[in-house]
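No value in this document is a laboratory result; all are computed from the given coordinates. Model, not experiment: these values are computed from the prediction. Cβ sites come from the backbone with ideal geometry, for glycine too, and all protein chains shown count toward neighbours.
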């Protein structure tokens, strides 16, 4: 696909992106382990069909030791035996916030998340989901060049 606007290079784009960078600054101090956040970023990007973010987060996950098997199967995580209860709760929460089934996050998904995450952790997890959804939508709208990201490039 052809890039529409290179938001990362335009002065106006850089100024606008500073608002999203605040998420990263906040999440760098998160109570949630970085590997789990990257797994969530990857899953939400699958749901939203954001090729740029899928490229980026798959590379970051692989460099940090994530198996190809877990990445290949992530969109069917409910049927796969190799995700922890904490990961499953986070994935369920991420999917519910991204898709917003029936206009609300179901109580049973919230209760499942509360078993695995403290209230403070759940706030951080939610902020991470809000952030990746925002980045996905920006990239889907403007179509940055996919495939050029190098692991750790923006950390």
Result of the Cβ filter at 9 Å on the stretch 135-155, keeping first residues that are in contact (Cβ under 8 Å) with a residue 12 or more places away in the chain and on the phi > 0 side of the Ramachandran plot and partners that are surrounded by 10 or more Cβ atoms within 10 Å (Cβ to Cβ) and in a loop (DSSP other than H, G, I, E, B), at least 6 apart or interchain, is 143/3; 143/4; 143/5
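Yes/no per residue for (1) farther than 18 Å from residue 17 by Cα; (2) surrounded by fewer than 20 Cβ atoms within 10 Å (Cβ to Cβ):
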{"position": "52", "(1), (2)": "no, no"}
{"position": "71", "(1), (2)": "yes, yes"}
{"position": "75", "(1), (2)": "yes, yes"}
{"position": "83", "(1), (2)": "yes, yes"}
{"position": "86", "(1), (2)": "yes, yes"}
{"position": "103", "(1), (2)": "yes, yes"}
{"position": "124", "(1), (2)": "yes, yes"}
{"position": "141", "(1), (2)": "no, yes"}
{"position": "151", "(1), (2)": "yes, yes"}
Check on residue 113, in a helix (DSSP H, G or I), under 16 Å from the mean Cα position of the chain (by Cα) and under 14 Å from residue 40 (Cα atoms): no
Among the residues of the stretch 14-73, which ones are within 11 Å of the chain's Cα centre (by Cα) and outside any helix (DSSP H, G or I)? 50
Test: residue 80 is in contact with a helix residue (DSSP H, G or I) (Cβ under 7 Å, 6 or more places away or on another chain) and closer than 18 Å to residue 123 by Cβ: no
Of the residues 30, 67, 92, which is without any contact (Cβ under 8 Å) to a residue 24 or more places away in the chain, touching a helix residue (DSSP H, G or I) at 6+ places or on another chain (Cβ under 6 Å) and surrounded by 11 or more Cβ atoms within 10 Å (Cβ to Cβ)? 92
